[in-house]
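S.K.: Supplied in structure tokens, the structure appears directly below.
The values are calculated or read from the model by the stated rules, or taken from the named source; none is laboratory data. Not measured: the values here are computed from a predicted model. Don't worry about glycine lacking a Cβ; one is built from the backbone with ideal geometry, like all the others, and counts go over all protein chains shown.
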Amino acid sequence: MQQAFINGEMYKQREKARIYPSIIKMEQDTKKITFVFNVPKGLSPDTFEKGLFVFKQHFNEYLDLEMNEKRGILKVYKKGLPTKLKYKYSGISDSLKKKRLPIICGMNLEGDIFSRS
């Protein structure tokens, strides 16, 4: 992750020092790796969003980046979305509750079904 910050020039210059983001937490499960990092004071969160291609070069194309003024959360998924979505009603019934005419819209990278009415 640090190499992605270096290659993407994601730092704040203070006099002769470069201040890079630091990793606060890293978690891994069967579907993804999640990195939580700080945003150095004075560095715009847009720097990371503009450098999303750098994260894709280092990891893969299946990413989700959430940014605010203080923190970034980068989720790196092991695989993308399926080309076909197969489901059973029992597996999606929670997503359809409280909707008058529910329509299955798709699945996110986490594997959760979402619907609209």
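S.K.: What tally of residues in the stretch 23-69 results from selecting those that are touching a residue at least 12 places away in the same chain (Cβ under 8 Å), more than 19 Å from L109 (Cβ to Cβ) and surrounded by 12 or more Cβ atoms within 10 Å (Cβ to Cβ)?
M.R.: Residues in the stretch 23-69 being touching a residue at least 12 places away in the same chain (Cβ under 8 Å), more than 19 Å from L109 (Cβ to Cβ) and surrounded by 12 or more Cβ atoms within 10 Å (Cβ to Cβ): 11 in total.
S.K.: What are the residues in the stretch 1-17 that are in a strand (DSSP E or B) and surrounded by fewer than 13 Cβ atoms within 10 Å (Cβ to Cβ), if any? Explain how you work it out, then say what you get.
M.R.: As a first pass, look at the stretch 1-17 and keep what is in a strand (DSSP E or B): 12-14, 17.
The answer is Q13, R14, A17.
The rows are residues; the columns are (1) polar (S, T, N, Q); (2) more than 28 Å from D112 (Cβ to Cβ); (3) in contact with a strand residue (DSSP E or B) (Cβ under 9 Å, 6 or more places away or on another chain); (4) assigned by TED's automatic domain parsing to the domain that holds L109.
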{"site": "R14", "(1), (2), (3), (4)": "no, yes, no, no"}
{"site": "Y20", "(1), (2), (3), (4)": "no, yes, yes, no"}
{"site": "L52", "(1), (2), (3), (4)": "no, no, yes, no"}
{"site": "N68", "(1), (2), (3), (4)": "yes, no, no, no"}
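S.K.: Read through the list (1) among the aliphatic types (A, V, I, L, M); (2) in contact with a Ser or Thr (Cβ under 9 Å, 6 or more places away or on another chain); (3) under 27 Å from G80 (Cα atoms), then give the number of the only condition that V39 fails.
M.R.: (3)
S.K.: Does Y89 satisfy the criteria of being more than 18 Å from A4 (Cα to Cα), aromatic (F, W, Y) and modelled with pLDDT of 70 or more? Step through it out loud before you land on a result.
M.R.: Values: more than 18 Å from A4 (Cα to Cα): yes; aromatic (F, W, Y): yes; modelled with pLDDT of 70 or more: yes.
When the stated conditions are applied, Y89 passes them.
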